[in-house]
1. Looking for whichever is in contact with a helix residue (DSSP H, G or I) (Cβ under 9 Å, 6 or more places away or on another chain), outside any loop (DSSP other than H, G, I, E, B) and either exposed (fewer than 13 other Cβ atoms within 10 Å of the Cβ) or without any contact (Cβ under 8 Å) to a residue 12 or more places away in the chain (or both) here; the options are Ala15, Ala21. Which one fits?
2. Can you give me the number of residues within region 24-63 that are surrounded by fewer than 19 Cβ atoms within 10 Å (Cβ to Cβ), not in a strand (DSSP E or B) and not basic (Lys, Arg)?
3. Which of the residues spanning region 85-106 are surrounded by 22 or more Cβ atoms within 10 Å (Cβ to Cβ) and in contact with a strand residue (DSSP E or B) (Cβ under 6 Å, 6 or more places away or on another chain)?
4. Might you check whether a residue that is touching a residue at least 60 places away in the same chain (Cβ under 8 Å), closer than 20 Å to Met1 by Cα, in contact with a strand residue (DSSP E or B) (Cβ under 6 Å, 6 or more places away or on another chain) and aliphatic (A, V, I, L, M) occurs anywhere in region 66-84?
5. Residues in region 64-100 that are in a loop (DSSP other than H, G, I, E, B) and touching a Leu at 6+ places or on another chain (Cβ under 6 Å): how many?
6. Does Leu119 count as touching a strand residue (DSSP E or B) at 6+ places or on another chain (Cβ under 9 Å) and modelled with pLDDT of 95 or more?
Amino acid sequence: MVEVAILAGSASDAAVVERTAAVLKEHGVAYETRVISAHREPDILDECIRTSDCRVFIAIAGLSAALPGVVASKTSRPVIGVPVSGKLMGIDALLSIVQMPKGVPVACVGIDNGENAALLAIRILGVQ
């Protein structure tokens, strides 16, 4: 069983994904990684969310950072958003993630801070 699904909005987010995965691996947490654009591949994203047996999603995205909010709108499982630095040093992605509408909760960690997202997921899972 996969406990955490790490979803990246773009292949360019690979460095953040790798750091996130390294922390989960270090703590013995089963995970999977996928690159799926919320804008370009909504049907694939829907299928991924519907069929995943994960307990927590980590959604990594830059620019408009729609991925974490879209994931949260389609599941009741916890979603952690990781904003990625880009044209506005990641502030655009950060604001997109923290400004989710009521009823669509997304936890948000610092810009490019996949390590904290992994640690938060571990806390959510109750793993020591």
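The values are calculated or read from the model by the stated rules, or taken from the named source; none is laboratory data. Values in this document were obtained by computation on a predicted structure and should not be read as measured data. Cβ: placed from backbone, ideal geometry, glycine included. Neighbour counts: every protein chain shown.
1. Just one listed residue meets the conditions, Ala15.
2. Here the count works out to 16.
3. Answer for region 85-106, where residues must be surrounded by 22 or more Cβ atoms within 10 Å (Cβ to Cβ) and in contact with a strand residue (DSSP E or B) (Cβ under 6 Å, 6 or more places away or on another chain): Ala93, Leu94, Ile97, Val106.
4. yes
5. Total meeting the criteria: 1.
6. Criteria not met by Leu119.
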